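The block underneath contains the structure these notes are about, expressed in structure tokens.
The values are calculated or read from the model by the stated rules, or taken from the named source; none is laboratory data. Predicted model, so just to flag it, every value in this text is computed and none were measured. In this analysis, Cβ positions are derived from the backbone assuming ideal geometry, glycine residues included, and neighbour counts consider all displayed protein chains. Each accessible area value is taken on the protein alone, full model and side chains, heavy atoms only, with ligands, DNA and RNA left out. Shrake-Rupley method; radii C 1.70, N 1.55, O 1.52, S 1.80 Å.
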Amino acid sequence: MTLSKTPPTQNAPIPYVKPSITELEVTYVSDAIRTGWGPRCYDYLNRLEAGFADWLGVKHAIATSSCTGALHMGLHALGVGPGDEVILADTNWIASVAAVVHLGATPVFVDILDDSWCLDPQRVEPAITSRTKAIIAVHLYGNLCEMDALRKIANAHDIALIEDAAEALGSVYKGARAGAMGRFGAFSFHGTKTMTTGEGGMFVTNDTALYEHVRTLSNHGRDRAQSKQFWADKVGFKYRMSNLDAALGCAQLERIADLTARKQAILAGYKSRLADVSQITLNPETEGCVNGAWMPTAVFAPDTGVTREALIAEFKARNIDARVFFYPLSDQPMFEAVPTNTRARDIAARAINLPSFHDMTNDDLDRVVDTLKSFLAP
Ligand SMILES: *Cc1c(COP(=O)(O)O)cnc(C)c1O
């Protein structure tokens with residue numbers, strides 16, 4: 001065995017995100033694996049759905065195997081199909097647009113705002129055509145979309161406003177939780193998200209008819225009222241969460257105040273350390289809103305000349321796992337380029353996602369901030 005020359009604590013790896021698993025999670029999952037079968041095979045699922053709907057402030061919730069699946073079923077239930085257009089921000093993870101493509105509809109990528117890095121309502125209006133069926137408001141990195149402006153546009157044109165709240169657990173817009181404001185909302189409980197079930201998600205809505213439709217779709221097209229066994233009323237989807245995953249979700253949901261508070265404390269920790277650094281902007285918190293702070297992200301001012309590539313290289317050299325800001329979807333090979341979406345391209349080229357796992361220490365925060373500051377002239 002050779003001894004490392006550098007003291008291990010100085011250069012110990014800092015992960016990007018990592019779930020927080022306590023004895024509670026272990027207890028619930030152990031119970032589910034022992035007892036959650038036969039007549040009890042939906043116990044944790046029912047509990048998670050009811051608990052999540054209650055916490056979020058919506059009437060209905062359906063636990064799914066992913067956020068992508070929740071979006072797919074919801075958009076399908078709204079009748080999105082070939083010939084339809086769906087508007088969303090160009091800055092996005094591929095998952096937000098995958099369902100649109102699978103349903104045969106056309107995504108329309110709109111540029112983002114400078115401060116929230118979310119959909120620019122002023123660019124949404126001119127993007128609407130007679131074929132527009134929906135707007136997907138994705139609350140990027142915990143930052144909130146301008147829901148009032150988007151709702152106004154959606155109502156004026158009689159199109160659905162949907163929320164992809166996968167990154168916005170704990171974010172609140174003027175008193176309403178992110179995900180509870182759209183025709184439907186979708187969440188992700190992927191291992192990288194604020195609350196996790198390993199893989200998983202949630203479909204939520206206040207629209208009872210839409211809920212019943214998606215409930216049927218989620219169960220292989222079998223209507224809940226259908227008494228015939230092995231009888232489907234339509235071809236549906238298989239996007240159900242397992243009861244085992246739901247047990248993990250129930251434990252995480254009990255701890256949700258702690259999980260989101262910790263995310264917010266980490267963002268606040270970055271902000272206070274960078275308070276006197278005007279060249280770096282972090283996730284905004286606007287008046288009357290709460291940022292769930294899923295992903296603290298640093299954007300360097302254009303005149304610093306700092307690039308994504310240089311940031312990634314330096315963080316890597318310091319053994320810190322930081323990630324690139326989402327590339328514009330319209331730059332990726334399966335979509336047509338949208339050269340006018342300049343902000344989506346420009347901001348991504350000088351930004352970086354910072355580590356934000358639950359058990360991060362102040363020393364970890366210091367190391368990340370030192371790395372950011374190393375790019376700026378003293
Ligand atoms: C993570 C994420 C998804 C995908 O979630 P899955 O559960 O992996 O399908 C969708 N949308 C956004 C905005 C995400 O961040």
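The figures follow:
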quantity: Cα gyration tensor shape for the stretch 69-108, rounded if a/c is under 1.5, else prolate or oblate; calculated: oblate
quantity: Cα gyration tensor category, rounded, prolate or oblate, for the stretch 170-237 with a/c compared to 1.5; calculated: oblate
quantity: Reference-scaled alpha-carbon Rg (2.2 N^0.38 Å with N residues) for the stretch 88-171; calculated: 1.01
quantity: Cβ-based charge dipole, the chain, positive-most Cα from Tyr44, Ile320, Gly201; calculated: Tyr44
quantity: Extent along principal axes [Cα atoms of the stretch 186-299; Å; largest to smallest]; calculated: 67, 27, 21
quantity: Cut-off under 5 Å, modelled amide H: who pairs with Thr64 long-range; calculated: Gly201, Met202, Phe203, Met241
quantity: Cut-off of 10 Å, at most 11 other beta carbons, DSSP loop: longest stretch of the chain lacking such GluC sites (Glu not before Pro); calculated: 1-286
quantity: Using alpha-carbon coordinates, inclination of helix 43-56 to the longest axis of the chain, degrees; calculated: 60
quantity: Angle between the chain longest axis and helix 23-35 axis [Cα atoms, degrees, rounded to 10]; calculated: 30
quantity: 25 Å tail of the calculated P(r), the stretch 1-133, as % of Cα pairs; calculated: 56
quantity: Heavy-atom surface of the chain, accessible at 1.4 Å and reported per residue (Å²); calculated: 44
quantity: Principal axes of the stretch 110-227: Cα extent on each, largest first, Å; calculated: 51, 36, 24
quantity: Simple Cβ-charge dipole of the chain, Lys/Arg +1 and Asp/Glu -1, about Cα centre, in debye nearest 20; calculated: 760
quantity: Filtered trypsin sites (Lys or Arg not before Pro), the stretch 209-312: DSSP coil and at most 14 other beta carbons within 10 Å; calculated: Arg224, Lys228, Lys234, Lys238
quantity: Cα extents of the chain along the three principal axes, largest first (Å); calculated: 72, 54, 40
quantity: Within a Gaussian network of the chain (alpha carbon springs, distance under 10 Å), most fluctuating of Ile135, Ile266, Ile320; calculated: Ile320
quantity: Gaussian network model of the chain, springs between alpha carbon atoms under 10 Å - residue of Ser65, Ser30, Ser330 with greatest fluctuation; calculated: Ser30
quantity: Which listed pairs, of Lys193/Lys234; Lys271/Lys373; Lys59/Lys174; Lys18/Lys373; Lys316/Lys373, have C-alpha distances above 22 Å, in listed order; calculated: Lys193/Lys234; Lys18/Lys373
quantity: Nearest-20 debye value, the stretch 1-144 charge dipole, Cβ charges on Lys, Arg, Asp, Glu; calculated: 440
quantity: All Cα pairs of the stretch 161-208, percent lying beyond 15 Å; calculated: 41
quantity: Candidates Met195, Met360, Met295: whichever shows maximal mean-square fluctuation once the chain is modelled as a Gaussian network with Cα springs under 10 Å; calculated: Met360
quantity: Net charge of Cβ neighbours under 12 Å - reference Arg47; Lys, Arg +1; Asp, Glu -1; calculated: -4
quantity: Filtered trypsin sites (Lys or Arg not before Pro), the stretch 65-155: DSSP coil and at most 16 other beta carbons within 10 Å; calculated: Arg131
quantity: Selection from Gln10, Leu119, Leu24, by position along the positive dipole direction of the stretch 1-145 (Cβ); calculated: Leu24
quantity: J(HN,Hα) series, the stretch 279-293, from Karplus relation 6.51 cos²θ - 1.76 cosθ + 1.60, nearest Hz, glycine and proline x; calculated: 7, 10, 10, 10, 3, x, 10, 8, 3, x, 10, 10, 8, x, 6
quantity: Backbone HN-Hα couplings from phi across the stretch 350-356 [Karplus 6.51/-1.76/1.60, Hz, Gly and Pro as x]; calculated: 9, 9, 8, 7, 9, x, 7
quantity: Test item: Cα-centred dipole of the stretch 313-356, Lys/Arg +1 and Asp/Glu -1 on Cβ, debye; calculated: 160
quantity: Relative contact order (%) - criterion: Cα under 8 Å, at least six apart; region: the stretch 187-277; calculated: 24
quantity: Surrounding net charge for Ala257, when Lys and Arg each add one and Asp and Glu each subtract one, Cβ distance under 13 Å; calculated: +2
quantity: Gyration tensor verdict on the stretch 202-251 (Cα atoms; rounded if a/c is under 1.5, prolate if a/b is larger than b/c, oblate otherwise); calculated: oblate
quantity: For the stretch 278-350 and the stretch 17-34, distance of Cα centres in Å; calculated: 34
